[in-house]
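The values are calculated or read from the model by the stated rules, or taken from the named source; none is laboratory data. The shown structure was predicted, so the numbers you read here are calculated from the model rather than taken from an experiment. Because the Cβ atoms are built from the backbone with ideal geometry, glycine has one as well, and the counts that use them run over all protein chains shown. To get the accessible areas, we keep the full protein, side chains included, count just its heavy atoms, and leave off ligands, DNA and RNA. Shrake-Rupley method; radii C 1.70, N 1.55, O 1.52, S 1.80 Å.
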Amino acid sequence: MENKSARKKLPAFHVVKRDGISLGKAMAVRGTAVLLSLIVCAVVIVFITKQNPISVYAGIIDGAVGSSRRTWVTIRETVILLLLAVALVPTYRMKFWNIGAEGQILMGGAASAAVMIYFGSRMPGAVVTILLILCGMMAGLVWGLIPAIFKAYHNTNETLFTLMMNYIAIQIVNCLIVLWENPKGSNTVGIINGATKSGWFPSIFGNAYALNVIIVFLVTVGITLYMKYDKHGYEIDVVGAGVRTARYAGINVKKVICRTMMLSGAICGLAGAVIVGGASHTISTSTAGGRGFTAIIVAWMSKFNPIAMLVISAFLSFMQQGAIQIASQFGLNENASDIITGILLFFLIGCEFFINYKLERTDSGDTEENAS
């Protein structure tokens, strides 16, 4: 039987990786994504609330910056998210996929809560605050070091390992809640040292969250300088480029992996201390509140640029706080705010595809030869 040559048409469009894109075009793509996300959110809002979306968006603005207190709560959430994104930068540039920020936050928060509970009445408040910060960082450091050791010496999968560590941290916190339950039978720890405020971050210039901002600013600047100018930052980038290359250059890869995860875990633990000592003044399984996962998106979308991380953190925190307000204002449950945040993240993540790739029209004459 004679073979016949058949021509198969190629798709009308095909995906091509961009050689590069100007900052202006990249910002335009992201701006379009934000606009589309707001339109889709408006449709969802109309469907759920049967309200004018403009009045709902006004409620979002009011919920995020409608008063001095609300503005500072939004700032507080922004700097915590920024701190966590900064914590992930060293590990991700090393190509170590740390998905365990949630657990590291919880362990840091638990250690900080323990300091407040056991030493709050025995030491001056300032000493307790310093101690809870140090203990929070140490707890996060240890929690980050465990998967690093297994990765460095046994080549385990760090993504699964750090993810599973989150669930272990949750169960540890559950056990501590039973131990510290106040009042008994409530299944909560309650506000720690509510009467004495021992261990609570002190107000600076009359603002309860100013110290949070100062801590995050110092850490962000420190990590930026560390990654750009320090020898350790150079070694992290070399290991990220290739383990064999790093070994050839005489870099102790195991040491770099452990050291970098200790740094990342310590900063995540610091975030837990900031949340417990400078915001909620309690500990629960929801202390991390999904921030560890959101911080991954912030770090990746910003390309590890601290200014971009600040902008993205501020935008997400603004919308999240506003979404919480409209959920309360229109009698919706807390899942409504999660839906709106999820829509925003979907468009913001999706737009990165169009920044890195483009659609090109296939020439009408192009075909594929298939033997039949």
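Sort out which residues of the stretch 11-38 are open to solvent by 60 Å² or more (accessible area, probe 1.4 Å) and within 25 Å of the chain's Cα centre (by Cα), and write them in order of number.
L23, M27, T32, L35, L36
Could you tell me how many of the residues in the stretch 61-93 are touching a Cys at 6+ places or on another chain (Cβ under 9 Å) and more than 15 Å from V298 (Cβ to Cβ)? Break it down stepwise before answering.
As a first pass, look at the stretch 61-93 and keep what is touching a Cys at 6+ places or on another chain (Cβ under 9 Å): 83-84, 87-88.
If we keep only those that are more than 15 Å from V298 (Cβ to Cβ) too, we end up with none.
Final tally of qualifying residues: 0.
Among the residues of the stretch 7-65, what is the count of those that are touching a residue at least 60 places away in the same chain (Cβ under 8 Å) and small (G, A, S)?
Residues flagged as touching a residue at least 60 places away in the same chain (Cβ under 8 Å) and small (G, A, S) within the stretch 7-65 amount to 7.
Does L211 satisfy the criteria of being part of a helix (DSSP H, G or I), closer than 20 Å to V86 by Cα and in contact (Cβ under 8 Å) with a residue 60 or more places away in the chain?
Details: part of a helix (DSSP H, G or I): yes; closer than 20 Å to V86 by Cα: yes; in contact (Cβ under 8 Å) with a residue 60 or more places away in the chain: yes.
Taking the combined requirement at face value, the residue satisfies it.
Does G290 qualify as being at positive phi and open to solvent by less than 40 Å² (accessible area, probe 1.4 Å)?
Taking the combined requirement at face value, the residue satisfies it.
How many residues does the stretch 177-208 hold that are open to solvent by 40 Å² or more (accessible area, probe 1.4 Å) and either assigned to a helix (DSSP H, G or I) or closer than 23 Å to A266 by Cβ (or both)?
The total comes to 4.
For the subset of the stretch 220-249 comprising residues that are aliphatic (A, V, I, L, M) and open to solvent by less than 30 Å² (accessible area, probe 1.4 Å), which member is nearest to I80 (Cα to Cα)?
Taking the stretch 220-249 and keeping what is aliphatic (A, V, I, L, M), we get 221, 223, 225, 227, 236, 238-239, 241, 243, 246, 249.
Add one more test, that the residue is open to solvent by less than 30 Å² (accessible area, probe 1.4 Å), and what stays is 223, 227, 236, 238-239, 246.
Values: I223: 15, M227: 20, I236: 24, V238: 29, V239: 28, A246: 33 Å.
Checked the stretch 220-249; the qualifying residue nearest to I80 (Cα to Cα) is I223.
Being open to solvent by less than 60 Å² (accessible area, probe 1.4 Å), modelled with pLDDT under 95 and at negative phi: is that true of M319 here? Can you show your working first?
Numbers: open to solvent by less than 60 Å² (accessible area, probe 1.4 Å): yes; modelled with pLDDT under 95: yes; at negative phi: yes.
It is true that M319 is open to solvent by less than 60 Å² (accessible area, probe 1.4 Å), modelled with pLDDT under 95 and at negative phi.
Please determine, by comparing only the residues of the stretch 44-65 that are more than 27 Å from the chain's Cα centre (by Cα) and in a helix (DSSP H, G or I), which one is surrounded by the most Cβ atoms within 10 Å (Cβ to Cβ). Don't jump to the end; show me each part of the working.
Taking the stretch 44-65 first, the residues more than 27 Å from the chain's Cα centre (by Cα) are 46-55.
Then keep just the ones that are in a helix (DSSP H, G or I); that gives 46-49, 53-55.
On the way: V46: 13, F47: 8, I48: 16, T49: 19, P53: 16, I54: 9, S55: 13.
Of everything passing the filter in the stretch 44-65, T49 is surrounded by the most Cβ atoms within 10 Å (Cβ to Cβ).
For L160, state whether it is in a helix (DSSP H, G or I) and either without any contact (Cβ under 8 Å) to a residue 40 or more places away in the chain or at positive phi (or both). Before you say what the answer is, go through the steps one by one.
On the way: in a helix (DSSP H, G or I): yes; either without any contact (Cβ under 8 Å) to a residue 40 or more places away in the chain or at positive phi (or both): yes.
It is true that L160 is in a helix (DSSP H, G or I) and either without any contact (Cβ under 8 Å) to a residue 40 or more places away in the chain or at positive phi (or both).
Each row is one residue, and each column tells you yes or no for (1) assigned to a helix (DSSP H, G or I); (2) open to solvent by less than 10 Å² (accessible area, probe 1.4 Å).
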| site | (1), (2) |
| --- | --- |
| R69 | yes, no |
| V79 | yes, no |
| A85 | yes, yes |
| L88 | yes, yes |
| K95 | no, no |
| I99 | no, no |
| E102 | yes, no |
| L106 | yes, yes |
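Can you confirm whether I117 is among the β-branched types (V, I, T), in contact (Cβ under 8 Å) with a residue 40 or more places away in the chain and within 22 Å of F346 (Cα to Cα)? Show your work before the answer.
Working: among the β-branched types (V, I, T): yes; in contact (Cβ under 8 Å) with a residue 40 or more places away in the chain: yes; within 22 Å of F346 (Cα to Cα): no.
Here the answer is no, as I117 does not meet what is asked.
Here are A139, A126, A169, A111: which of them is touching a residue at least 60 places away in the same chain (Cβ under 8 Å) and surrounded by fewer than 22 Cβ atoms within 10 Å (Cβ to Cβ)? Show your work before the answer.
Details: A139 fails: surrounded by fewer than 22 Cβ atoms within 10 Å (Cβ to Cβ); A169 fails: surrounded by fewer than 22 Cβ atoms within 10 Å (Cβ to Cβ); A111 fails: surrounded by fewer than 22 Cβ atoms within 10 Å (Cβ to Cβ).
Only one candidate qualifies: A126.
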